[in-house]
Amino acid sequence: MSTKKSEFGVFGLGVMGSSISLNIADKGYELSVFNRAEGGEEEVVDRFLSSNKHRDNIQGFTDLKAFIQSMERPRKILIMIKAGPTVDLVLNNLIPLLSKGDIIIDGGNSHYLNTKRRFELARGHGIAFIGAGISGGEEGARKGPSIMPGGTRESYKFVSEILESIAAKDDFGKTCCTYIGPEGSGHFIKMVHNGIEYVEMQLLAELYALMSKQMSNEAIAEVFEGWNQGVLSSYLLEITIQILRKKEGDKYLLDMILDKAGNKGTGSWSSKAAFDMGIPNTMMSSAVFARYISSFKDTRIKMSDLIDSGHSIEEDLDLVSIEKAYECARLINHQQGFKLMQLASDTYNWDLNFSDIARIWSNGCIIKSHLMNLLHKEFMCSKDLFEMDLVTGSLVDGETALRDTIMSGLSKRISTHCFSAAYYYWVDMTTKNLPANLIQAQRDFFGAHTYQRVDAPESEFYHSNW
Ligand code: 6PG
């Protein structure tokens, strides 16, 4: 064990905390790690140290004061604990022991408004607080995650070298970590990353539902494998191929997994943020609701008795259309996700750089994909996916395929929540006149809420005596 002052500290040795600690130690930094020694976690630090005996740059602590004193100043401490009230408890214990100028980085999936509050709290004590979204799961944390730090630029300068050295590298060898913006911006974009992730996962689940009626898991994996060679390639598609092929004895493991999807909340936070900002992130909320519906397993089993499922139409699957539909739905998912970040950036004056965000999401994170590399380039001169010819061209070309795929689901009684949300969003966004005139008339009828007229300036509001 080193006796030198550490250059960095990691608080919390759960799966993500230990993996990121090893990643930091691999890069040669002097590191202090801390974990509490209570509540069943008595052995955590000892176990971590004994499995890393060969490393001489890690010091382990269960005493908070000793952990703090082991670090050079300004101290840089990454907290890797479950998001929620525990973060506040940890900050309450940590802040009084720190000195002015020290830096705390919250690497969990904290809600961006909590990050904003904690940023102010820490600032009141002269401590810098960085809310860093970290994506990539256990493997990413160990080998190179995508890191999205938000806070002051000044405080980021103190931690940039370490964070950038442990992050994944993009196709050009640049680090997948960049300063995002002030206060909660890093956690906001991580939240949206997860919202996009929910949709990407749900789209694959809907494809699996459509295809598995007529195809074996292996046959679906083969089709996905072909797609994964080209523009549709992504980490989530890649792991889905492996999942489809995984066997337990002579059975597919996937077939043995109960169809109740869990969640830890970031998808619903993204959807709520979209609702609050008045922006139609229809695919994210559809993906969240699809998970919620799946959790009503008992009701589903009971209600399924009402339905005679023997009459579904088994026409051939049009895999070319399905592939095109998948491409379109993904484009719309990314359009909605980036639009949400654009609105947040404008609302909070974050000045987010979307080309950079797409770049740091091109590797290390769960939604890394070929598309992200394209978006990195396209965002250099456009602000919205709907301003990109490459995107609108594909959507115009793919509209029929998207509709046919949804219709194939309808005829087989297979729900396509996210594909349908994508289609209707595209149809509405390319329709001059929507029936919202009737909504306005109804609002004015019962509540005198007024309406604007097509034959008068938009600044004028009218009320009629209906
Ligand atoms: C990541 C993941 C990670 C986690 C999410 C999703 O970017 O590494 O998004 O943060 O998998 O928390 O969790 P749920 O699906 O349980 O909401």
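The values are calculated or read from the model by the stated rules, or taken from the named source; none is laboratory data. What you are looking at is a predicted structure, and each value in this text was computed from that prediction instead of being measured. Note that we place each Cβ from the backbone using ideal geometry, even for glycine, and neighbour counts take in every protein chain shown. Ligands, DNA and RNA are stripped out before the accessible areas are found, and what is left, the full protein with its side chains, is counted by its heavy atoms. Shrake-Rupley method; radii C 1.70, N 1.55, O 1.52, S 1.80 Å.
Pop out the ³J(HN,Hα) list for segment 358-364 in order, Karplus 6.51 cos²θ - 1.76 cosθ + 1.60 with θ = phi - 60°, rounded to Hz; leave Gly and Pro as x.
4, 5, 6, 9, 7, 7, x
Taking the Cα centre of each part, how many Å lie between segment 14-40 and segment 257-276?
Their Cα centres are 29 Å away from one another.
Full-extension gain between Asp404 and Phe296, please, as 0.36 nm times their residue separation minus the C-alpha to C-alpha distance.
Length gained between Asp404 and Phe296: 36.0 nm.
Take the Cβ-Cβ distance between Lys377 and Asp305 as r, set R0 to 41 Å, and report the resulting FRET efficiency rounded to the nearest 0.05.
Numbers: r = 53 Å, r/R0 = 1.29.
Once rounded, the FRET efficiency stands at 0.20.
For a protection proxy built on the mean count of beta-carbon atoms within 10 angstrom, sort 182-194, 221-233 highest first, please.
With the highest mean Cβ count within 10 Å placed first, the list reads 182-194, 221-233.
Helix 153-166 versus the longest principal axis of the chain: what angle, 0 to 90°, nearest 10, using Cα atoms?
Tilt relative to the chain: about 90 degrees.
Quick one: which of Lys272/Lys339; Lys4/Lys76; Lys4/Lys100; Lys339/Lys377; Lys260/Lys302 span more than 19 angstrom between C-alpha atoms?
Those over the limit are Lys4/Lys100.
For the chain, give the share of DSSP beta bridges that are antiparallel, in percent and rounded to the nearest 5; count only bridges with both residues there. Kindly include the intermediate steps, with their values, before the conclusion.
Details: 10 of 32 bridges.
So the antiparallel bridges amount to about 30 percent of the total.
Pairs Lys53/Lys368; Lys5/Lys27; Lys5/Lys116: which exceed 23 Å Cα-Cα?
Lys53/Lys368; Lys5/Lys116
All other residues with a Cβ under 11 Å from the Cβ of Asp88 taken together, and with Lys, Arg as +1 and Asp, Glu as -1, what is their net charge?
+1
Give me the angle, in degrees from 0 to 90, between the Cα long axis of helix 217-227 and the longest principal axis of the Cα atoms of the chain, rounded to the nearest 10.
80 degrees
Determine the gain in length on full extension of the stretch Ser464-Val231; use 0.36 nm per residue of separation and subtract their C-alpha separation, reporting nm with one decimal.
Values: separation 233, 0.36 × 233 = 83.88 nm, distance 5.31 nm.
Residue separation times 0.36 nm, minus the Cα-Cα distance, leaves 78.6 nm.
Go through Leu89, Ile127, Gly137 and say which Cα lies farthest out towards the positive end of the charge dipole of segment 66-138; charges sit on Cβ, +1 for Lys and Arg, -1 for Asp and Glu.
Ile127
At a 1.4 Å probe, what is the % contribution of carbon and sulfur to the accessible area of the chain?
The value for the chain is 53 percent carbon and sulfur by accessible area.
Around Thr450, under 15 Å between beta carbons, what's the net of Lys plus Arg minus Asp minus Glu among the other residues?
Net charge in that neighbourhood comes out at -1.
Helix 185-212 sits at what angle to the longest principal axis of the chain, using alpha carbons and giving 0 to 90 degrees rounded to 10?
Helix 185-212 sits roughly 50 degrees off the main axis of the chain.
Need one number: nm distance between label points at Asn433 and His449, each 7 Å from Cα along Cα→Cβ, rounded to one decimal.
Result for the modelled spin labels: 2.2 nm.
Could you give each residue of segment 383-399 its phi-based ³J(HN,Hα) in whole Hz, using Karplus coefficients 6.51, -1.76, 1.60 with θ = phi - 60°, and x for Gly or Pro?
9, 8, 4, 6, 8, 9, 4, 4, 7, 5, x, 5, 6, 4, 4, x, 4
Given the protein chains as shown and a 1.4 Å probe, how many square angstrom of Ser146 are accessible, to the nearest 10?
0 Å²
Can you give me the three principal axis dimensions of segment 350-409 from its C-alpha atoms, in Å, biggest first?
Projected onto its principal axes, the Cα set of segment 350-409 covers 40, 25, 20 Å.
Can you give me the long-range amide H partners of Ile130? Hydrogens built in the peptide plane at 1.01 Å from N, cutoff under 5 Å, separation of 5 or more residues or another chain.
Ile104, Ile105, Asp106
With Cβ to Cβ distances under 15 Å as the rule, what net charge do the other residues near Asp106 carry (K, R +1; D, E -1)?
Working: positive: Arg75, Lys76, Lys82, Lys116, Arg117, Arg118, Arg123, Lys190; negative: Asp88, Asp102, Glu120, Glu183.
Neighbour charge sum, excluding Asp106 itself: +4.
With a 1.4 Å probe and all protein chains left in place, how much accessible area per residue does segment 322-404 have, in Å²?
36 Å²
Quick one: Cα centre-to-centre distance for segment 280-342 and segment 41-104, in angstrom?
Cα centroid of segment 280-342 versus Cα centroid of segment 41-104: 43 Å apart.
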